[in-house]
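The structure's right below; bear with me while I get my questions together.
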Amino acid sequence: GLLRIDHVGIAVADLDAALEFYAEIFDIHSVHEETNEDQGVREAMLAVGDGTGPRIQLLAPLRPDSAIAKFLDRSGPGLQQLAYTVADVEATSAILRGRGLRLLYDTPRRGTAGSRINFVHPKDAGGVLVELVEPA
Ligand code: MC0
């Protein structure tokens, strides 16, 4: 099942500009950055407060055909996904499939920091793109 909120993902056009905004305005800072070619993103994870709670993930597109580029074109910058930590992404995906939801991938793909991820289609989850994250 879903253990806790892992992160909230926010689409941004320019990662460096967004990092500067979050640092200067909210005093929230990046604790991890990486490029995920498979997902077509450059991303940063930001810690809030004492850093023990859910993170904020800033997502910038690498390519015009990427999910984040399409999201920015359609909706502009803003909340793009809600991610839950799970112990076993395959098991949770199977349970949700069994409840009639469309999972985007047949088998998990690689997410942040070597995690294994899958997504529930937003049209099957009340308009929210739900990500399942099994940490490395
Ligand atoms: C699209 N829709 C959304 C949405 N994206 N609704 C809520 N939240 C979103 N993020 C809506 C559209 O407005 C449209 O509604 C309907 O879904 C179907 O749109 P579509 O044109 O069929 O689909 P696309 O091409 O926009 O793709 C949507 C889809 C895609 C969710 C399938 O974004 C995708 O594959 N996402 C999963 C991968 C991803 O997001 N990667 C970037 C983060 P209407 O009403 O107009 O029909 S990478 C990441 O997260 C990793 C690094 C990590 O955390 O570890």
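The values are calculated or read from the model by the stated rules, or taken from the named source; none is laboratory data. Everything quoted here is computed from the prediction, not taken from an experiment. Positions of Cβ are backbone-derived with ideal geometry, glycine not excepted, and every protein chain shown enters the neighbour counts. Heavy atoms of the whole protein, side chains included, go into the accessibility calculation; ligands, DNA and RNA do not. Shrake-Rupley method; radii C 1.70, N 1.55, O 1.52, S 1.80 Å.
Å³ per residue of the Cα convex hull, for the chain? Provide the component values of the computation, followed by the final result.
On the way: hull volume 14.5 nm³, N = 136.
In the chain, the Cα convex hull volume per residue is 107 Å³.
If you don't mind, another one. For the peptides 121-130, 97-106, what is the packing order when you average, over each peptide's residues, the other Cβ atoms within 10 Å and list the highest mean first? If you can, show how the numbers build up before the last one.
On the way: 121-130: 13.6, 97-106: 11.9.
Ranked by mean Cβ neighbours within 10 Å, highest first: 121-130, 97-106.
Tell me the angle of helix 89-98 to the major Cα principal axis of the chain, expressed in degrees between 0 and 90 and rounded to the nearest ten.
That helix lies at roughly 60 degrees to the long axis.
In a shell of Cβ-Cβ distance under 14 Å around Ala136, excluding Ala136 itself, what net charge do Lys and Arg (+1) and Asp and Glu (-1) give? Before the final figure, lay out each step's value.
Working: positive: Arg109, Arg110, Arg116; negative: Asp6, Glu34, Asp88, Glu134.
Charge balance near Ala136 sits at -1.
Another one. Rank these by accessible area, largest first, 1.4 Å probe: Thr107, Thr85. Write out the running numbers ahead of the final one.
Numbers: Thr107 90, Thr85 5 Å².
Per-residue accessible area, sorted high to low, gives Thr107, Thr85.
Just to make sure I understand: if all protein chains stay in place, what is the order of Glu134, Glu37 by accessible area at 1.4 Å, largest first? Numbers along the way, then the final one.
Details: Glu134 35, Glu37 120 Å².
Result of the area sort, largest leading: Glu37, Glu134.
Identify, among Tyr22, Gly76, Thr35, the residue whose Cα sits farthest towards the positive end of the charge dipole of the range 22-106, taking +1 on the Cβ of Lys and Arg and -1 on the Cβ of Asp and Glu, with the dipole about the Cα centre.
Towards the positive end, the residue furthest out is Gly76.
How many angstrom separate the Cα center of the range 68-98 from the Cα center of the range 122-136?
3 Å
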